[in-house]
Amino acid sequence: MSKAVRFKEYGGIDVLEVVDVERPVPGDDQVLVRVRAAAINPGEAHIREGHLHHLWPATFPSGEGSDLAGVVAALGSDVSGFAVGDEVIGYTDDRASHAEYVLVEREHLIHRPAAVPWSVGGSLYVAGTTAWATVRAVAAGTGDTVVVSGAAGGVGTIAVQLARLAGATVIGLASEPHHEWLSEHGVIPIAYGAGVADRIREASGGRVDAFIDTFGQGYVELALELGVRPDRIDTVADREAAARHGVKTDGNMEGASAETLAELAGLIEKGVLEVPIAREYPLDDIREAYRDLERRHTLGKIVLRPTGIE
Ligand SMILES: NC(=O)c1ccc[n+]([C@@H]2O[C@H](COP(=O)([O-])OP(=O)(O)OC[C@H]3O[C@@H](n4cnc5c(N)ncnc54)[C@H](OP(=O)(O)O)[C@@H]3O)[C@@H](O)[C@H]2O)c1
């Protein structure tokens, strides 16, 4: 037996449980991974609450979790390129990584470079590939000024750095305690709230070329007010505004691949991309981990450590 997160009905944090399940057995093309780190994401909370039932209904009891880093524990008969004991980073589409063991399709895995810590590797899929897709969606490049809302969050911290690497000047919207981290990473920090449009105009010299919204709640309209063209606005947090105004919604789906994971891991290995880890939790503290996430003031990622924090 092994431990896994389950919920039997849609609801708040209290529907989450850690239960004993049969250890999964890999199919021919699958790899069984002993999970060392698996990040949590706001989308999982939205799914658990039932808000995404019309798009991706849950079947109960439901597991959860897409991100993972861990050690190969067993292999299907058709899997090549990996061996038992290999350290890997990857993802599952089966809502299953918040567990001690997870089955992963072979093509959803890469080898973990030694320079990528477990918690960082286990944070790369949802936040990393989403950030990667947003920066491409707005075509951030040299000479551009790009504004990122939610700049201190899981997606935002990665997006601001990728936009900088693409050559852009980046303005990041965040609360004051997170300004130092943004400045240290070459980003111009600006407080959100009343007067934010004027502060952005002042910092940008009046020209904003692109806007990446990772928070929702009016930032698409702010981008339009600042004069950004709709095809250079991307939101991963406000589909309604995107539909109203014809702006982009590229995110995880557009970035999801082992190739993107390998590119991000390579940047971390080179020392040019950092994924800040706000906090790590044992699997048994799953509810506390989501309480922390749902406060929505994380710098970087919150990560589960199902098989122990070394
Ligand atoms: N469509 C997709 O493919 C996709 C994929 C991944 C995520 N998402 C969505 O993208 C959003 C961000 O995800 P995430 O993982 O980055 O979330 P997160 O890590 O929980 O984001 C938290 C951040 O939000 C910031 N924040 C709080 N209030 C704010 C405000 N009023 N204005 C600007 N920033 C504010 C906080 O900054 P301070 O602490 O400094 O206040 C904090 O750093 C979520 O809505 C998620 O569901 C979509």
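The values are calculated or read from the model by the stated rules, or taken from the named source; none is laboratory data. Note that the structure is predicted; figures quoted are calculated from it, not measured. Quick reminder, even Gly has a Cβ in these numbers, built from the backbone with ideal geometry, and neighbours come from all protein chains shown. Ligands, DNA and RNA are stripped out before the accessible areas are found, and what is left, the full protein with its side chains, is counted by its heavy atoms. Shrake-Rupley method; radii C 1.70, N 1.55, O 1.52, S 1.80 Å.
Overview of results
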item: Pair list, Cβ < 7 Å and 6+ apart or interchain, from segment 162-175 residues that are open to solvent by 10 Å² or more (accessible area, probe 1.4 Å) and assigned to a loop (DSSP other than H, G, I, E, B) to residues that are modelled with pLDDT of 95 or more and within 15 Å of the ligand (Cβ to nearest atom); result: Ala166/Val135; Ser175/Ala191; Ser175/His297
item: Residue satisfying condition, being open to solvent by less than 40 Å² (accessible area, probe 1.4 Å), in a loop (DSSP other than H, G, I, E, B) and touching a residue at least 60 places away in the same chain (Cβ under 8 Å), within set Ala127, Ala133, Ala152; result: Ala152
item: Positions within segment 206-227 being more than 13 Å from the ligand (Cβ to nearest atom), without any contact (Cβ under 8 Å) to a residue 40 or more places away in the chain and assigned to a loop (DSSP other than H, G, I, E, B), in sequence order; result: Gly206, Gly227
item: In segment 38-68, residue nearest to Tyr281 (Cα to Cα) [restricted to those that are open to solvent by 40 Å² or more (accessible area, probe 1.4 Å) and touching a residue at least 12 places away in the same chain (Cβ under 8 Å)]; result: Pro42
item: The one condition in (1) hydrophobic (A, V, I, L, M, F, W, C); (2) farther than 21 Å from Ala278 by Cα; (3) part of a loop (DSSP other than H, G, I, E, B); (4) open to solvent by less than 40 Å² (accessible area, probe 1.4 Å) that Val116 fails to fulfil; result: (2)
item: Any helices (runs of 4 or more DSSP H) falling wholly within segment 234-310 and containing at least 1 residues that are under 21 Å from Val120 (Cα atoms) and away from the ligand (no atom under 14 Å from the Cβ); result: 258-270, 286-294
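Quick grid of which residues meet (1) outside any loop (DSSP other than H, G, I, E, B); (2) open to solvent by 10 Å² or more (accessible area, probe 1.4 Å):
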position: Gly70; (1), (2): yes, no
position: Ala73; (1), (2): yes, yes
position: Gly81; (1), (2): no, yes
position: Asp93; (1), (2): no, yes
position: Ser97; (1), (2): no, no
position: Val102; (1), (2): yes, no
position: Glu107; (1), (2): yes, yes
position: Ile110; (1), (2): yes, yes
